[in-house]
């Protein structure tokens, strides 16, 4: 059996993991190079446990919160950072999965997303609920090139996005604050730093 969504993960494993830990497990399962099903499950469980322990043992973590910054309720538009790599003080951000993403890696990922996907599900599930209408990867080099970087007024580096939310039910959840942040879904190869 192959596990493609969180719902496919065996219930006995789901019950032991939070939602974000289930996402880690699913990613580790999909990336496992083991051959048999039991080896893949064992490998994914071991790798998930390592990620959970890393998260618990990190004390000086800057948590990345990428909240919705602007809404245009008359047009079902929503804007904000999909990810921030460096804050205004130049500190590298550790995201909610305890990962560091370099600006150049984020830029590549953003371009691939723009070329291949451009749609947004609801909580990473189901049919498309919205479409990407704006995307700008902010780097120091770009800000310098267009004259927006000042010595005394730094801007965070990251990926700014805007979405048109086609589904009114989903947009109502955004208006009510049930969905207040952006979340990037994807797969990556983790490197120890």
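Residues in the range 1-23 that are surrounded by fewer than 12 Cβ atoms within 10 Å (Cβ to Cβ) and either closer than 14 Å to residue 40 by Cα or touching a residue at least 60 places away in the same chain (Cβ under 8 Å) (or both): 1, 2, 4, 5, 10.
Among the criteria (1) at pLDDT 65 or above; (2) out of contact with any helix residue (DSSP H, G or I) (no Cβ under 8 Å at 6 or more places or on another chain); (3) over 22 Å from residue 132 (Cα atoms), the one residue 149 does not fulfil is (2). When residue 20 is tested against (1) in the same structural domain as residue 137 (by TED's automatic domain parsing); (2) modelled with pLDDT under 80, only condition (1) is not met. Screening the range 25-125 for strands (runs of 3 or more DSSP E) wholly inside it with 1 or more residues that are assigned by TED's automatic domain parsing to the domain that holds residue 142, modelled with pLDDT under 75 and under 20 Å from residue 3 (Cβ atoms) returns the ranges 119-122. Filtered by the rule that a residue be more than 16 Å from the chain's Cα centre (by Cα), part of a strand (DSSP E or B) and either free of Cβ contacts under 8 Å to residues at least 12 places away in the same chain or within 22 Å of residue 172 (Cβ to Cβ) (or both), the range 131-142 gives 131, 133, 134. Can you tell me how many residues within the range 95-106 are without any contact (Cβ under 8 Å) to a residue 40 or more places away in the chain and surrounded by 14 or more Cβ atoms within 10 Å (Cβ to Cβ)? Of the residues in that region, 2 qualify. Scanning the range 116-144 for residues that are in contact with a helix residue (DSSP H, G or I) (Cβ under 6 Å, 6 or more places away or on another chain) and within 13 Å of residue 85 (Cβ to Cβ) gives 137, 139.
The values are calculated or read from the model by the stated rules, or taken from the named source; none is laboratory data. Keep in mind it's a predicted model, so treat the numbers as computed, not measured. Note that each Cβ is placed from the backbone with ideal geometry, even for glycine, and that neighbours are counted across all protein chains shown.
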